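The values are calculated or read from the model by the stated rules, or taken from the named source; none is laboratory data. As the structure is a computational prediction, the values presented were derived from the model and not from experiment. In this analysis, Cβ positions are derived from the backbone assuming ideal geometry, glycine residues included, and neighbour counts consider all displayed protein chains. The protein model used for the area step is the full one, side chains on, heavy atoms only, and it has no ligands, DNA or RNA in it. Shrake-Rupley method; radii C 1.70, N 1.55, O 1.52, S 1.80 Å.
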Amino acid sequence: MNYEKLMKRAIALADQYKYTAKPNPVVGCIILKDEKIVSEGAHEEYGSNHAEINAIEKAKKLQGKLFQSFQELTMVCTLEPCNHFGKTGPCSEAIISSGIKKIIIGAKDPNPMVSGKGIDNLIKNGVNVRYGICQELVKKQNRTFFFKNINKRPFITVKIASSIDGKSHLLDGLRTYITCEESRADVQNIRALNDAILTGGNTLINDNPKMNARVSFPVNQPKKYLLSSKTNFDFTSEFFKNSDYEIITETNIKKIIDSFKNTEINGILVEAGPKLVNAFLLANLVDEVIIYQSPNTLGKNGVDWFKEDNAIEKFGFKLESSYKIKSDTKNIYSKC
């Protein structure tokens, strides 16, 4: 049995729901009889049935047609089945109750409430368990979820738009569109992948941004966080309209990020001006930097993103990818 091929199929199945399952991890599940697929399931929406339950429920409708007993079946699942009550019941108990006697798991769940406990429960109840198949692919697919549970803080991405001469905006404070329309559309997809967007008061006042994910597919909109000691905002502005937002007045960035430790926020996108972006970098709290660079210049009337050349590299980042979006260049840097 080619379990690696089947696991990759389950990973691809899970990936279809990366915008609606978050902040939960995406999970795919396949149930087999011998080498024939009986049913498939995924965790499709936050708060709804997990992948294992969906696959089992579909298989039940085919019992007596494609198979006689669940004991004949093998389950392939990208992530360790949960063993606790959350918004849904424990999947390990559902698997045991179904009668399935063999399960192939991609990766152990890093969540301390689950990690190893689901597997132990399955083994204790006579289920043959094998795990570690394509686990690096599963971890990569659920990058922010694994990072948060291991490092006890969210994965933080900084996104900036820069002119070719390294400027953020003009000194006069007027809103400046630096990058092309296609780059700004690409940003919407990055927003859609994150659980939260964080910005500062100056960005809000100067740009009047919506800061939501304006995409053509279903998405769990990221929660908005505004870091500011000011309270006299225009609450009819675009940022606040029909939004789940929170204003944070704490000024210590490490304390702010530490406050997310016990939340479901796994990935935060920081979209702010040079002052706040540099504060995050200096606090060593950034894991990825995405720079959309325009071929245009802003000149001496522009505000610098950084005080020195090659600042991103000096903060300990390396270039992971670089490609063109029409006239712009998108550079992605990761922490060394």
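Electrostatic bookkeeping for Leu66 treats Lys and Arg as +1 and Asp and Glu as -1; over the other residues with beta carbon under 12 Å from its beta carbon, the sum is +4.
Dipole magnitude for the chain: computed about the Cα centre from +1 point charges on Lys and Arg Cβ and -1 point charges on Asp and Glu Cβ, it is near 520 debye. Dipole orientation for the chain: of the candidates Asn149, Gln188, Tyr177, Asn149 has the Cα lying most toward the positive pole (charges on Cβ; Lys, Arg +1; Asp, Glu -1). Solvent-accessible surface of region 259-336, averaged per residue with a 1.4 angstrom probe and all protein chains in place: 52 square angstrom.
Pull out the extension gain between Asp234 and Ile164, defined as 0.36 nm times the separation in residues minus the alpha carbon to alpha carbon distance; nm, one decimal. List each step's numbers first, then the result.
Working: separation 70, 0.36 × 70 = 25.20 nm, distance 3.32 nm.
Extra length from Asp234 to Ile164 when fully extended: 21.9 nm.
Its DSSP H runs of at least 4 residues, each contributing -39,500 (n - 2.57), put the calculated 222 nm mean residue ellipticity of the chain at -7500 deg cm²/dmol, to the nearest 500. Judged by the mean number of other Cβ atoms found within 10 Å, the most tightly packed of the peptides 198-209, 245-256 leads the ranking 198-209, 245-256. Have a look at Ala14, Ala196, Ala311 and tell me which one the Gaussian network model of the chain (Cα, springs below 10 Å) gives the largest fluctuation. Of Ala14, Ala196, Ala311, the Gaussian network model singles out Ala311 as fluctuating most.
Would you mind checking Lys140/Lys210; Lys5/Lys117; Lys61/Lys224; Lys8/Lys65 for any pair whose Cα atoms are more than 32 angstrom apart? Could the numbers behind the result be given before it?
Details: Lys140/Lys210 29 Å; Lys5/Lys117 26 Å; Lys61/Lys224 42 Å; Lys8/Lys65 27 Å.
The pairs that break the limit, which is 32 Å between Cα atoms, are Lys61/Lys224.
Considering only the other residues whose Cβ falls under 13 Å of the Cβ of Glu136, what net charge follows from Lys and Arg at +1 and Asp and Glu at -1? Present the calculation step by step, with values, prior to reporting the outcome.
Values: positive: Lys8, Lys108, Lys139, Lys140, Arg143; negative: Glu4.
Value of the local net charge: +4.
Taking label positions 7 Å along the Cα-Cβ direction at both Glu250 and Ser115, the computed distance is 2.3 nm, reported to one decimal.
Across the alpha-carbon set of region 202-272, the Rg to Rh ratio works out to 0.95, Rh being the Kirkwood radius. Look at the dipole of the chain built from charges on Cβ: of Pro218, Ile11, Ile160, the Cα furthest out on the positive end belongs to Ile11.
Report the net charge of residues surrounding Pro295, where surrounding means a beta-carbon distance below 12 angstrom and charges are Lys +1, Arg +1, Asp -1, Glu -1. The partial results should precede the final answer.
Numbers: positive: Lys324, Lys326; negative: Asp165, Asp328.
Every neighbour counted, the sum reads 0.
The dipole here belongs to region 170-326: it is taken about the Cα centre, uses +1 on the Cβ of Lys and Arg and -1 on the Cβ of Asp and Glu, and is about 160 debye.
Between 0 and 90 degrees, rounded to the nearest ten: what's the tilt of helix 3-15 against the longest Cα principal axis of the chain? Tilt of helix 3-15: around 50 degrees.
Relative to the compact globular guide of 2.2 N^0.38 Å, what is the alpha carbon radius of gyration of region 245-336, as a ratio? Don't skip to the answer; put the middle values down first.
Working: Rg = 15.1 Å, N = 92, 2.2 N^0.38 = 12.3 Å.
Rg over 2.2 N^0.38 Å, computed on Cα atoms: 1.23.
What percentage of the solvent-accessible surface of the chain, computed with a 1.4 Å probe over protein heavy atoms, is contributed by carbon and sulfur atoms? Carbon with sulfur: 47 percent of the solvent-accessible area.
How high is the FRET efficiency between Glu57 and Thr297 when r is their beta carbon distance and R₀ equals 56 Å, given to the nearest 0.05? Walk me through the intermediate numbers first.
On the way: r = 59 Å, r/R0 = 1.05.
So the FRET efficiency works out to roughly 0.45.
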